[in-house]
Amino acid sequence: MLTESNPIYSFIETGIAGMSVDVSIRARLLATGLSYLGLGYIFAKGREFSKEIFKITQKTKEKIQHFHDMTYTTAFNLALTPIIYYISGARGWREIALGVCTASFWGAINGGALGASVDVFEDLASLKSCERRWYPNVIKRQNPKVKKTIAIGLVATSIGLMALIYSSIPKYRQKESSEKIPSIEQVTERIPSESPLEASLENP
């Protein structure tokens, strides 16, 4: 889930919602931490439960699986992203609203790919075989060591993409505090070089 989604949300947060790199990184770290603390498990188990209710298996038509994952991911994002952005330091209603709306909209578009990534990584981690029709047999037949190497390579690529996205953001938007806290130079520039009394004595 994180390998597939983190680079996308990094771009949405900084490129569309206008969040600073600091806020976006905190949001990604928070989402990652919550995922490892149980949120990823809840997402995956909730998806499995939903698929059982609607009688969907990995051999169901791809367009039906895609529609299910799209709807499920959108609902999940709508419930979760406002909390993550607020905790991460976003306070402007505009950036939070843009972040939530864009993330939810992208969840609708990307839900199928996110669900597919869960199925693929379960196979790469030797947790469950992926039976999706498009999943290459050449990967499916590999031994666990090769599959785990592929998984590590995908994770490294994801982190590299995030670094590329953040490095492309202008420097004045790198830090959240850059527009809120004046530097020492800015403060000293506002202090008059001489007091009003000295000025009046020099120019009576």
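Here are some notes:
- Considering segment 111-164, and only residues there that are hydrophobic (A, V, I, L, M, F, W, C) and within 17 Å of Asp69 (Cα to Cα), the residue that is surrounded by the fewest Cβ atoms within 10 Å (Cβ to Cβ) turns out to be Trp134.
- Among the residues listed as Thr60, Thr73, the single one being more than 26 Å from Lys171 (Cα to Cα), in a helix (DSSP H, G or I) and either more than 18 Å from the chain's Cα centre (by Cα) or in contact (Cβ under 8 Å) with a residue 40 or more places away in the chain (or both): Thr73
- Of residues in segment 84-98 being within 15 Å of the chain's Cα centre (by Cα) and not in a loop (DSSP other than H, G, I, E, B), the one surrounded by the most Cβ atoms within 10 Å (Cβ to Cβ): Tyr85
Rundown of residues vs (1) within 29 Å of Arg132 (Cβ to Cβ); (2) among the hydrophobic types (A, V, I, L, M, F, W, C); (3) in contact with a Phe, Trp or Tyr (Cβ under 7 Å, 6 or more places away or on another chain); (4) modelled with pLDDT of 85 or more, yes/no style:
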{"residue": "Arg47", "(1), (2), (3), (4)": "yes, no, yes, yes"}
{"residue": "Asp69", "(1), (2), (3), (4)": "yes, no, no, yes"}
{"residue": "Ile83", "(1), (2), (3), (4)": "no, yes, no, no"}
{"residue": "Cys101", "(1), (2), (3), (4)": "no, yes, no, no"}
{"residue": "Trp106", "(1), (2), (3), (4)": "yes, yes, no, no"}
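- Cβ pairs under 6 Å, 6+ apart, first in segment 33-50 and within 15 Å of Val118 (Cα to Cα), second not in a helix (DSSP H, G or I): Gly40/Met1
The values are calculated or read from the model by the stated rules, or taken from the named source; none is laboratory data. Here the structure is a predicted model, which means the values were calculated and not measured. Counting neighbours? That spans all protein chains shown, and the Cβs are built from the backbone with ideal geometry, glycine included.
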